[in-house]
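See structure below.
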Amino acid sequence: MCGIIGYVGADQVVPVVLDGLRRLEYRGYDSAGMAVIGDDGIRILRAAGKLRNLEQRAYHEPLYGTTGVGHTRWATHGAPTEANAHPQVDGRGEIAVVHNGILENYAALRRELLDDGVELASDTDTELIAQLLGRETGCLAERVLRVLPRLQGQYAVVTVRSAEPDTVVAFRQGPPLVIGIGRGENLVASDVTAILHRTREVVYLDNGEVAVVRADRVELLDAAGGPVERPPETLDWDAGRVEKGGYRHFMLKEIFEQPDAIRNTVRAHLDAERSGVIVDGLGIPADRLDRLRRIHLVACGTSWHSCLVGKFILERLTGLPTEVDYASEYRYREPLLGDDLLVVGVTQSGETADTLSAMELAAAGGALLATVCNVRGSSSWRLATARMLTQAGPEIGVASTKAFTTQLVALTVLALALRRARGLADRLDEQLVRELQRLPLAVEEVLRTDRALYRRGTEILSEATDSLYLGRGILYPIALEGALKLKEISYLHAEGYPAGEMKHGPIALVTDGFPVVAVATATATRDKLLGNLMEVRARGATVLAVAEPEADDVAEIAELVLPVPTVHPLLQPVVAVVPLQLLAYNVAVELGHDVDQPRNLAKSVTVE
């Protein structure tokens with residue numbers, strides 16, 4: 001969740017670190033700091049609050065050196081204060097550490113150090129790592145190898161030592177770290193977005209590994225100190241895709257990037273004639289396909305909503321019973337596993353801690369493992385046998401948009417591939433493939449909607465403290481996602497609910513002017529939904545609806561209709577969610593909130 005950047009090379013490190021932290025601030029923005037090795041040893045700058053506070057300090061208190069580390073924090077142990085900001089140092093100020101994760105044996109290590117007379121300067125678990133390294137002897141890499149067995153939990157750590165001004169050492173267990181291979185310089189970061197503008201040659205660090213990074217070389221070691229050989233990969237992401245490109249916010253830019261993201265995801269998985277999907281590319285062994293009898297989808301947050309939609313699609317197209325679980329619950333409920341089961345971990349970053357743990361549990365239980373993710377080479381990518389890569393490109397806005405819609409597309413393609421592999425393909429498949437290729441045009445049509453409609457919707461929602469989002473069938477998860485988007489960035493309470501269940505409790509909330517947002521595109525249950533909307537209208541609710549422009553029956557009930565084009569019912573969620581993304585965005589802007597970096601959130605949740 002925190003952002004980490006380390007650099008060793010010929011350039012002054014402060015501009016490199018600050019630039020990297022700007023690109024990583026979406027991962028955490030409670031505090032920030034940096035450590036630079038100069039002629040007089042390690043110097044530290046830290047500041048509570050957003051990165052701009054650290055930038056101001058760096059302007060007034062300049063640091064000079066060509067090796068250093070930086071960090072932007074999402075607080076876990078200790079309040080978001082300057083004292084708890086990273087880097088943390090050992091007692092002699094000779095070793096500085098930045099850290100993403102949580103040490104589960106924090107209490108025991110802290111007690112041990114205090115009993116030994118160590119004076120701790122912070123409430124963080126990060127400082128404990130620095131103190132442990134400072135009490136060892138030898139070079140920094142040797143110290144790390146001796147301290148590693150003592151750390152329990154999940155962590156990504158980058159550290160420097162004043163006596164080794166040409167070296168950065170990194171190690172991980174859980175949260176990601178990636179090494180950027182440059183010319184006369186090398187970098188380490190928690191996300192490739194921090195280093196794309198300097199290099200596209202990267203090496204992903206695996207769990208338990210240690211990287212010794214110098215300007216002219218990178219050595220990888222296993223936990224025992226033995227050498228690890230791994231060639232670099234070349235990223236196909238363009239550095240320009242992590243810039244705003246003239247948009248006011250990353251989130252708005254990413255909403256408008258959805259047609260291309262969907263188009264690229266579809267094309268990546270079609271055969272040469274673009275008439276069907278590529279089954280072989282999934283990586284599922286034929287003998288495992290024959291044994292498949294059921295599917296589990298595991299995910300968190302927005303990705304969980306995509307899985308709820310995916311359940312409808314997979315069951316309709318494959319006939320395989322499909323369950324959807326929160327990954328954070330799956331690993332503790334003792335699920336029934338076996339070799340007849342396909343478990344799909346859906347994660348934007350490929351590094352979501354709970355999803356990875358759920359996938360590991362499934363693999364240990366004999367299940368076939370697949371992933372839908374947006375980052376080739378990520379932990380979920382390396383863990384899974386079958387892989388579906390969404391082609392969303394970097395997503396910087398904390399509230400996910402294009403990653404969500406491309407997940408819906410990828411799950412549809414996965415369903416078509418399984419259907420084809422199981423010998424079930426018929427004319428429906430051809431129709432869906434055609435519709436998938438038309439889908440970007442439908443989303444573009446939504447994005448051309450008159451802004452005046454959104455201004456009216458913004459007025460209604462921004463003046464309320466609560467709202468209810470309703471949907472039925474395959475569109476019920478879109479109501480959940482629309483409510484989540486509003487909560488995430490506007491800080492207004494919204495509840496997504498299946499419309500048929502609304503009168504079993506939530507209708508008690510409805511009073512005059514209470515906003516009800518309905519996902520009311522054409523489905524087999526729209527008449528039922530309209531009946532539910534009449535029930536809330538009768539109690540004074542103000543109804544906003546997402547529907548086709550020709551849906552006069554919806555227009556008679558709703559005060560405002562946000563129009564979407566008609567597409568295949570299984571693909572309707574993709575177009576229906578876009579107006580809800582735009583609605584949430586406009587409400588947040590109207591209320592003056594930080595759209596890209598909403599409070600208390602981080603982009604990639606890499607701790608449990």
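Residue check: Arg274 meets all listed conditions (1) in contact (Cβ under 8 Å) with a residue 24 or more places away in the chain; (2) part of a helix (DSSP H, G or I); (3) farther than 17 Å from Ala370 by Cα but one, namely (2).
Among the criteria (1) without any contact (Cβ under 8 Å) to a residue 60 or more places away in the chain; (2) more than 13 Å from the chain's Cα centre (by Cα), the one Met388 does not fulfil is (1). The sole residue among Gly70, Gly78 that is at pLDDT 90 or above, out of contact with any His (no Cβ under 7 Å at 6 or more places or on another chain) and not hydrophobic (A, V, I, L, M, F, W, C) is Gly70. If you go through region 397-412 and keep only what is assigned to a helix (DSSP H, G or I), of a type in the set (Val, Ile, Thr) and over 11 Å from Leu571 (Cα atoms), you end up with just Thr406. Report, by residue number, each residue of region 198-218 that is more than 24 Å from Leu151 (Cβ to Cβ) and either small (Gly, Ala, Ser) or under 21 Å from the mean Cα position of the chain (by Cα) (or both). Listed by number, the residues that qualify are Arg200, Val202, Ala215.
Just so you know, in region 277-304 the residues that are in a helix (DSSP H, G or I) and of a type in the set (D, E, K, R) include one that is surrounded by the most Cβ atoms within 10 Å (Cβ to Cβ), and it is Arg288.
Checking the structure you have, find out if any residue of region 384-396 is among the β-branched types (Val, Ile, Thr) and not in a loop (DSSP other than H, G, I, E, B). No - not one qualifying residue is present in region 384-396.
From the list Arg52, Arg43, the lone residue that is of a type outside the set (Ser, Thr, Tyr) and assigned to a helix (DSSP H, G or I) is Arg52.
Can Glu61 be described as more than 25 Å from the chain's Cα centre (by Cα), surrounded by fewer than 19 Cβ atoms within 10 Å (Cβ to Cβ) and under 15 Å from Asp19 (Cα atoms)? Spelling it out, it is not the case that Glu61 is more than 25 Å from the chain's Cα centre (by Cα), surrounded by fewer than 19 Cβ atoms within 10 Å (Cβ to Cβ) and under 15 Å from Asp19 (Cα atoms).
The sole residue among Leu114, Leu109 that is outside any loop (DSSP other than H, G, I, E, B), surrounded by fewer than 15 Cβ atoms within 10 Å (Cβ to Cβ) and assigned by TED's automatic domain parsing to the domain that holds Val36 is Leu114.
Ala522 - would you say it is part of a loop (DSSP other than H, G, I, E, B) and within 18 Å of Val561 (Cα to Cα)? Answer is yes for this residue. Going by the conditions given, is Thr525 more than 30 Å from His593 (Cβ to Cβ) and either within 34 Å of the chain's Cα centre (by Cα) or outside the structural domain of Gly473 (by TED's automatic domain parsing) (or both)? Yes: the conditions hold for Thr525. I want to confirm something. Restricting to region 415-463 and keeping residues that are in a loop (DSSP other than H, G, I, E, B) and either free of Cβ contacts under 8 Å to residues at least 24 places away in the same chain or in contact with a His (Cβ under 9 Å, 6 or more places away or on another chain) (or both), which single residue is nearest to Ala494 (Cα to Cα)? By that ranking, first place goes to Glu463.
Within region 175-209, the set of residues being surrounded by 21 or more Cβ atoms within 10 Å (Cβ to Cβ), under 18 Å from His99 (Cβ atoms) and modelled with pLDDT under 90 comprises Pro175, Pro176, Ser190, Asp191, Ala194.
The values are calculated or read from the model by the stated rules, or taken from the named source; none is laboratory data. In this text the structure is predicted, and so the values were computed from the model without any measurement. No Cβ is skipped: glycine too gets one built from the backbone with ideal geometry, and neighbour counts run over all protein chains shown.
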